[in-house]
Amino acid sequence: MSVLRIIGAIFLLFSVAGCAERVWAPDEAISRAAYVDNGPPSITLVTVINNTTGAGGHSALVINAEQRVAFDPAGNFKYQYAPERNDFVYGMNPAVLRAYYGFHARKEWHVVLQKKIVSREVAQKAYDLAKNYGPVPGGFCANSVTTILRKLPGFESIPVSLSPKKTMKNFAKLPGVETRTIYEND
């Protein structure tokens, strides 16, 4: 491949990567959907894995802080009771959370959940960083997740990565991580 083609491919990659859908739910929808979970503050890494190839397809975070929310970077989860602002999804009550996991777990994919209990301060910092991150372009879900995680006390060892599977493996090395896997066949 010529140098010009390589440069052109890199330019195309970065110009497409710069496109991210901006979504801004109204304040009333956000207020209506607010869900406070009584469980301990936590950060859950959500990784979607292809059942055939074993490749990682998506990374996201479920954060239990002042509210339980999802940071679904470059995701396409849409649910009437879960308003979104630029990949930050509100209203993660138990029913919406089940729908969120079920949306990702299907015949071709399974979901790995890695939950880590954290202090209120760490959970709130994750919440604030995710809320203010902005929309994420396609292909950069793991990059945005790892960028946020590295800024949190106790998560600094996680390198920034473009790979959902590498992110999952690095998260698993943290002390106290509880792992659960969800398979669905619909």
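Please list, ordered by chain and number, the residues whose modelled amide H lies under 5 Å from the amide H of Gly91; skip anything fewer than 5 residues away on the same chain.
Tyr35
Run lengths n ≥ 4 of DSSP H only: what is the helix-derived mean residue ellipticity at 222 nm for the chain, with -39500 (n - 2.57) per run over all residues, to the nearest 500?
Result for the chain, helices only: -10000 deg cm²/dmol.
Given springs between every Cα pair under 10 Å in a Gaussian network model of the chain, which of Leu174, Leu129, Leu149 has the largest fluctuation?
The residue that fluctuates most here is Leu174.
Using θ = phi - 60° and the Karplus curve 6.51 cos²θ - 1.76 cosθ + 1.60, what whole-Hz ³J(HN,Hα) does each residue of the stretch 76-81 get, with Gly and Pro shown as x?
So the J values, rounded to whole Hz, are 10, 6, 10, 8, 4, 9.
Most exposed first by the Cβ proxy, i.e. fewest other Cβ within 10 Å, how do Asp87, Asp37 rank?
Asp37, Asp87
Per the Debye formula with a single identical scatterer at each Cα and no solvent contribution, what log10 I(q)/I(0) holds for the stretch 42-104 at q = 0.19 Å⁻¹?
Values returned for q = 0.19 Å⁻¹ are -0.67.
Let me check I've understood the local charge: for Leu152, count other residues with C-beta under 13 angstrom from its C-beta, Lys and Arg +1, Asp and Glu -1. What total comes out? Provide the component values of the computation, followed by the final result.
Numbers: positive: Lys116, Arg120, Lys125, Arg150, Lys151; negative: Glu121, Asp128, Glu156.
Its environment carries a net charge of +2.
Return the loop-located trypsin sites (Lys or Arg not before Pro) in the stretch 39-138 (DSSP other than H, G, I, E, B) with at most 16 other Cβ atoms within 10 Å of their own Cβ; answer none if there are none.
Answer by residue number: Lys78, Lys107.
Dipole of the chain (Lys/Arg Cβ +1, Asp/Glu Cβ -1, origin at the Cα centre): which of Thr47, Ser163, Ser31 lies farthest to the positive side?
Selected residue: Ser163.
Of Ala95, Ala142, Ala172, which has the largest mean-square fluctuation in a 10 Å C-alpha GNM of the chain?
Sorting by GNM fluctuation, first place goes to Ala95.
Counting only complete DSSP H runs, which helices of the chain cover 15 Å or more along their long axis at the Cα atoms and score a mean Kyte-Doolittle of -0.5 or above?
Result, helices passing both filters: 3-17, 94-104.
Taking R0 as 25 Å, what's the FRET efficiency between Ser31 and Asn76 from their Cβ-Cβ distance, rounded to 0.05?
0.55
Please report, to two decimal places, log10 I(q)/I(0) for the stretch 22-183 at q = 0.12 Å⁻¹ as given by the Debye formula with identical point scatterers on the Cα atoms and no solvent.
Each listed q maps to, in turn, -0.45.
Using unit Cβ charges (K, R positive; D, E negative) and no other charged atoms, how large, in debye to the nearest 20, is the dipole of the stretch 118-186 about its Cα centre?
Charge dipole of the stretch 118-186: 240 debye, to the nearest 20.
Give, in nm to one decimal, the length gained when the segment between Ile182 and Ala95 is fully stretched (0.36 nm per residue of separation minus the Cα-Cα distance).
Net length gain for the segment: 29.8 nm.
Quick one: dipole size for the chain, taken about the Cα centre, charges +1 on Lys/Arg Cβ and -1 on Asp/Glu Cβ, in debye to the nearest 20. Could you put the intermediate results ahead of the total?
On the way: 21 positive and 15 negative charges, 101 e Å.
Its charge dipole is roughly 480 debye.
Identify all lysines with a Cα-Cα distance to Lys151 below 26 Å; exclude those on the same chain that are fewer than 8 residues away in sequence.
The reachable lysines, counting only those whose Cα sits under 26 Å from Lys151, are Lys115, Lys116, Lys125, Lys131, Lys165, Lys166, Lys169, Lys173.
Quick note: the coordinates plus some simple rules give every number you see, no bench work behind them. For clarity, every value in this text was computed on a predicted model and none was experimentally measured. Neighbour counts are summed over all protein chains in view; Cβ atoms, including those assigned to glycine, are modelled from backbone coordinates with ideal geometry.
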